[in-house]
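Peer 1: Following this message is one structure expressed as structure tokens.
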């Protein structure tokens, strides 16, 4: 090789610049050939290797082919140029040093970018696992990439200024406080990501509710700095990861996994409609199959209680009697106990709450057997449809505030020419009826 270069130099001796250009062109051609052969070898070898690993498959194989392998193949020509640039004659030493430094920088940055793409491919492969949403690793890869690119940046600076890498790293020790301040959010987010991953407080697919961040929907992505929530109105909210450790939020996962979704709603009854039941009314309620056991048990209980009062000569007003509200409450409870859409293993209550100016709340507290939203709303609506429809059978009525709209509306009366003879609507308040004396 050396003898061939000497003969080429003797032949081009009359043209000093021609030998330099020829050697430089040969070096660039050699670098291109090395790149071509490296890509062919890497493509074939790694293609066969991918088929034996979890990274196999058309999609992942294409991603590695288009992003990772070309970057790695570009390292080879840079190494060839770095090693051969010193063989090119008549080049200034400063230019040779600059070319070598740039080649080293190119190699380091190219390898770092290739490693970053490999980490992305590994994360995508991991997300294909069925349990990947329970322990996402995307945040860890993001931290690894941040550390890697920081070290790459230090290496690039050291190479360009001709300093030692360890000397620059040692000098950065004095800037630790400044770096901690700069990367404060990253450090806090990393700690939060580790906590979230370890205790599983948030997973991809969870329904979370966080009013302080206007988030109410499903978690669709967990990254290092942010957690992405797709709200029920189809908007997207990004919540800082550290907020899920420092702030309060509600996770509905246990509701879905527990097999029951709570119904907690009250019927507001008019207290004036509550009364005792007469014996013939109690007999009529025997038509309800759900009330047979309740009426038998209640009749026996009241008979024994009232018998003790009769022996002491108590007035009938002191006797205990069955009420329409108590009977209705028993009916509702038995109705829910026999409802196929209600989870019978969880809490089931029909209770009275504190009376208010809006009536007497009769609250239903139970859990549906199906936690899907649409099914849950259907079960809840069917229950209250039935209860509102059957309420008059018990002589009860719901409390409902009256509207302040006018009680009398007169239609427009037109004269013969089609013009309005009087206002289109005349509103008059309702008048109380006349009594026997003619007074209102």
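Peer 1: Give the range 376-387 a look and list any residue that's out of contact with any helix residue (DSSP H, G or I) (no Cβ under 9 Å at 6 or more places or on another chain) and closer than 13 Å to residue 335 by Cβ, or say none.
Peer 2: 379, 382, 384, 385
Peer 1: Something else now. For the range 177-193, check the following and say yes or no: at least one residue is within 30 Å of residue 257 (Cα to Cα), in contact with a helix residue (DSSP H, G or I) (Cβ under 8 Å, 6 or more places away or on another chain), modelled with pLDDT under 85 and not in a helix (DSSP H, G or I).
Peer 2: no
Peer 1: Looking for something outside any helix (DSSP H, G or I) and modelled with pLDDT of 75 or more - is there at least one such residue anywhere in the range 69-90?
Peer 2: yes
Peer 1: Sticking with this structure for a sec: Touching a helix residue (DSSP H, G or I) at 6+ places or on another chain (Cβ under 8 Å), at pLDDT below 85 and not assigned by TED's automatic domain parsing to the domain that holds residue 187: does that describe residue 239?
Peer 2: no
Peer 1: Can you tell me how many residues in the range 201-225 are surrounded by fewer than 17 Cβ atoms within 10 Å (Cβ to Cβ) and in contact with a helix residue (DSSP H, G or I) (Cβ under 9 Å, 6 or more places away or on another chain)?
Peer 2: Number satisfying all stated conditions: 5.
Peer 1: Ok, one more. Just checking, how many residues over the range 136-167 are part of a loop (DSSP other than H, G, I, E, B) and more than 23 Å from residue 98 (Cα to Cα)?
Peer 2: Here the count works out to 2.
Peer 1: Any idea which residue in the range 353-363 is surrounded by the most Cβ atoms within 10 Å (Cβ to Cβ), counting only those that are within 30 Å of residue 258 (Cβ to Cβ) and touching a strand residue (DSSP E or B) at 6+ places or on another chain (Cβ under 6 Å)?
Peer 2: 362
Peer 1: Please count how many residues of the range 374-389 are without any contact (Cβ under 8 Å) to a residue 12 or more places away in the chain and either over 35 Å from the mean Cα position of the chain (by Cα) or farther than 20 Å from residue 348 by Cβ (or both).
Peer 2: 2
Yes/no matrix, rows are residues, columns are (1) closer than 28 Å to residue 365 by Cα; (2) out of contact with any helix residue (DSSP H, G or I) (no Cβ under 8 Å at 6 or more places or on another chain); (3) modelled with pLDDT of 85 or more:
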position	(1), (2), (3)
263	yes, no, yes
273	yes, no, yes
280	no, yes, yes
290	yes, no, yes
294	yes, no, yes
305	no, yes, no
331	yes, no, yes
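Peer 1: Taking residue 66, is it surrounded by fewer than 16 Cβ atoms within 10 Å (Cβ to Cβ), in a helix (DSSP H, G or I) and at pLDDT 75 or above?
Peer 2: Spelling it out, it is not the case that residue 66 is surrounded by fewer than 16 Cβ atoms within 10 Å (Cβ to Cβ), in a helix (DSSP H, G or I) and at pLDDT 75 or above.
Peer 1: Report the residue count in the range 335-352 for those that are outside any loop (DSSP other than H, G, I, E, B), surrounded by 17 or more Cβ atoms within 10 Å (Cβ to Cβ) and over 30 Å from the mean Cα position of the chain (by Cα).
Peer 2: 3
The values are calculated or read from the model by the stated rules, or taken from the named source; none is laboratory data. The shown structure was predicted, so the numbers you read here are calculated from the model rather than taken from an experiment. Don't worry about glycine lacking a Cβ; one is built from the backbone with ideal geometry, like all the others, and counts go over all protein chains shown.
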